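Presented below is the structure to which this report refers.
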Amino acid sequence: MAKTSGGNTAQKVETLVRPVVEGMGLQLWDVVFEKEGPDWFLRVLIDKTDGTCMDTDTCAAVSHAIDPILDEEDPIDQSYYLEVGSPGVGRKLTRPEHYTQLLGQKVSAKLIRPDEQGNREYTGVLKSREGATITLETENGEASFAANAASSVRLCDDEDLF
């Protein structure tokens with residue numbers, strides 16, 4: 001399991017790479033700096049703004065564009081592996097703008113602890129995120145919970161793909 005660390009590191013990197021990624025006509029979805037086993041990984045997650053699928057050539061182009069900037073600015077003290085990729089079909093919603101962008105889409109949420117009704121997982125259509133409250137339309141009606149009560153909220157995989 002990945003151990004996330006260095007929120008400030010991810011923020012520094014985001015400040016450096018956002019102009020490059022957006023200048024290439026792409027969306028910067030997230031920057032994650034995390035430890036897996038003995039190794040550290042800097043993951044820059046990008047998405048296309050035109051709705052087409054991400055491809056390896058685009059990821060490689062972004063990697064080649066941001067690598068010299070990271071080398072020059074050197075925002076990370078230790079050694080790490082740079083990975084540039086797509087947030088994927090089951091992408092994790094980590095920022096308020098993700099919720100805005102994905103309104104009306106099917107998402108799944110896992111809560112840290114069961115809520116008052118004893119539920120720990122919800123799946124439904126994302127209706128809103130107002131302030132710190134996330135609201136889904138589930139098959140059992142509307143469900144709302146605090147964003148910080150969720151360990152993860154993800155876009156549901158497209159069941160039609162399989």
DSSP bridge pairs, the chain: antiparallel proportion in percent, nearest 5: 85
Carbon/sulfur fraction of accessible area - the chain, other protein chains in place, 1.4 Å, %: 47
On Cα atoms only, tilt of 7-23 relative to the major axis of the chain in degrees: 80
Ellipticity estimate at 222 nm from DSSP helix runs (n ≥ 4, -39,500 (n - 2.57)) divided over the chain, nearest 500: -8000 deg cm²/dmol
Accessible area (Å², per residue) of the chain, counting only protein heavy atoms and a probe of 1.4 Å: 60
The chain: angle of helix 56-73 to the longest principal axis, Cα-based, in degrees nearest 10: 60
Lysine-lysine proximity count for the chain, Cα under 28 Å, sequence distance 8 or more or distinct chains: 21
Options (i) 17.3, 53; (ii) 14.1, 41; (iii) 20.2, 67 - which one matches Rg and Dmax of the Cα atoms in Å as calculated here: (i)
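The values are calculated or read from the model by the stated rules, or taken from the named source; none is laboratory data. Just so you know, these numbers come straight off a predicted model, no measurement behind them. Heads up: the accessible areas ignore ligands, DNA and RNA and are worked out on the full protein's heavy atoms, side chains in. Shrake-Rupley method; radii C 1.70, N 1.55, O 1.52, S 1.80 Å.
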